[in-house]
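Beneath this line is the structure, given in structure tokens, with notes to follow.
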Amino acid sequence: MTTYGIDLGTTYSCIAYVDETGRAVVAKNAVGEETTPSVVYFESGQSVVVGRAAKNSAMLNPDLVVELIKRQIGQGDARREFHGESHAPESISALILRELARNAEEDTGEPVKDVVITVPAYFGVLERDATRKAGQIAGLNVLDVLAEPVAAALHYEALTEDAGVRHLLVYDLGGGTFDTTVIRLDGGDVQVVCTDGDHHLGGADWDSKIIDYLLNGFTDQHSDLDPGGDEQFVQDLAISAEQLKKELSSTQSRRHNMRFDGSVVQLELTRDGLEELTSELLERTMEITERTIATARDKGVTRFDDVLLVGGMTRTPAVARTLKERFGLDARLHDPDLAVAKGAALFALVQRVKIGMDGEDGPGSGETAQDVADQLGISVEQVETMAAKRVATVVPRAFGLKVVDSKDPVFTTDPDRARELVAHLLTANTELPADTGPQTFYTVTDNQNSVRLEVWEQAGSVASDELAHNTHIGDGMLTDLPLRPAGAPFEVTFFMNPTGLLKVHGREAGSGREVRFEIQIGGLEEAEVREATSAVARYEVSG
Ligand code: AMP
């Protein structure tokens, strides 16, 4: 049975599988392209169109078209309504996944079931879980969600000779997200050293700058007209802006004609002009890169054997040039549009092999290497190499508990009014599995007989103890504590397993009272997932 890797991108998506020769190949879509725009057009209550045709429909029916849904995945308040039916971002993503699966089925002639879906390395638990649910809603069996740079590194590794320990810096600038990740390759092992990023920074922001430039250029010449208020005109401009940007990666200058309300304006945009217009965006990626290099240095990695450019936006010449000027790095394009899906396809196969061999009762209880090899149509040696492969990642962001600030002057008189903050127990980039060991906290009031353990996750790109810079992701109660004066100690331990599941253990040593809980991720409940699954299944999806 074939397994698939899916790069569910902000602007473009792609599906790949490993063919009988052991090579990762991309399945083409209905119009023969390797990547499909992540755009969904709700044509009617029964049918949706995904991809290029949907993107083109945005001009005529902007209210029925959804773009950049990945930016909202995992946000419960981002539902959208079409033809009287409301959809969570997970369901809209599921429709994209269905179209990709359909394309792959046409390519391989086999139904698509087992998949690995990639996410930006910087995605938190909530977004990872929402991505997994999107797969479920699409009727797929999600073997795992994998960090995009790790997928790119797996693809790189498959193409290069084994050369001992190597360190890679992956600079991934996609349509909507940016990540930098340092990866250590050692034999078959892939280990993330550290990762950083901004998931609201990508090609779409470059496009917006160009749209503004063109609109301003138009109104400079016709101040009495307001083309910016015309949704159709702006949608049209968005397509042209992206096109202009891509063309300026290979040419120095382009002209663009705009017609609105009978008036025509022609504007020229040069590559230098574009770089100036968007310098602040590129600068943000460089700051994050600098931070990543510094974190890697703290962890003992001082040089990179290769710098991989992933994501379509890295075709902009300014990226490689600035990395060279700023950090002396020789970066090279590494199959920027397809590397992630291909690496995910390789990983999906590894996961299938492991699941087959591990069986229900842990390693060794499942099928033999020969059985798995026969089933997947690969050699026994390949199965054994894959089963031995280790892919290890890091805690993507800091996690902590909400506590009351004992340093706040109000604390001594009125602790309920003291400042609340997040005390991080797990810091970003700790290797997984991660165990904090017992950390001591104290009760706040006299005779406090219970403590709510509120777990918060770092929200921005830099850890901060301000509540507003963190997201509340779950809680548990430590109850029936012995009645003691304020300041009685209790212990809390955080444990994160290799797939990012966070387990929390609270304990009061004197009484032995304890609480254990796994973070029940917010987002869609099981019943909602089931409901969304049947709602999505009812649609006829086409490209
Ligand atoms: P991805 O999410 O990796 O598919 O990245 C897609 C982004 O890369 C979109 O914003 C595209 O507009 C952009 N892109 C694709 N090709 C080019 C190019 N030749 N020059 C500049 N940007 C590009």
**Study point:** Hey, L323 assigned by TED's automatic domain parsing to the domain that holds V170, within 16 Å of the ligand (Cβ to nearest atom) and either in a helix (DSSP H, G or I) or at pLDDT below 95 (or both) or not
**Key:** yes
Exercise for review: Mind checking which strands (runs of 3 or more DSSP E) fall wholly inside the stretch 37-153 and carry at least 2 residues that are within 30 Å of V170 (Cβ to Cβ) and free of Cβ contacts under 8 Å to residues at least 40 places away in the same chain?
Suggested key: 141-147
Point to revise | 2 or more residues surrounded by 19 or more Cβ atoms within 10 Å (Cβ to Cβ): qualifying strands (runs of 3 or more DSSP E) within the stretch 423-480 | key: 451-458, 470-478
Review point. Quick one: would you say V492 is in contact with a strand residue (DSSP E or B) (Cβ under 6 Å, 6 or more places away or on another chain) and at pLDDT 95 or above?
Key: yes
Check your understanding: Which of the residues that make up the stretch 156-187 are touching a Phe, Trp or Tyr at 6+ places or on another chain (Cβ under 8 Å) and among the polar types (S, T, N, Q)?
Key -> T177, T180
Exercise for review: Scan the stretch 10-29 residue by residue and report those that are closer than 19 Å to G135 by Cα, part of a strand (DSSP E or B) and away from the ligand (no atom under 14 Å from the Cβ).
Suggested key: Y17
Exercise for review: Name the residue, out of K209, K245, that is open to solvent by less than 40 Å² (accessible area, probe 1.4 Å) and of a type in the set (K, R).
Suggested key: K245
Review point. Just checking, which of E127, E157 is crowded, with 19+ Cβ neighbours inside 10 Å, more than 16 Å from the chain's Cα centre (by Cα) and modelled with pLDDT under 95?
Key: E157
Practice item. Evaluate the stretch 240-262: report whether one residue or more is under 30 Å from P149 (Cβ atoms), at pLDDT below 95 and within 16 Å of the ligand (Cβ to nearest atom). Key: no
Practice item. Return the total of residues in the stretch 100-111 being within 14 Å of A341 (Cβ to Cβ) and either buried (at least 24 other Cβ atoms within 10 Å of the Cβ) or at pLDDT 95 or above (or both). Key: 4
**Study point:** Residue within the stretch 338-357 that is assigned to a loop (DSSP other than H, G, I, E, B) and not charged (D, E, K, R) present
**Key:** yes
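The values are calculated or read from the model by the stated rules, or taken from the named source; none is laboratory data. Please read all numbers here as calculations on a predicted model, not as lab measurements. No Cβ is skipped: glycine too gets one built from the backbone with ideal geometry, and neighbour counts run over all protein chains shown. Side chains included, ligands, DNA and RNA excluded: accessible areas come from the protein's heavy atoms. Shrake-Rupley method; radii C 1.70, N 1.55, O 1.52, S 1.80 Å.
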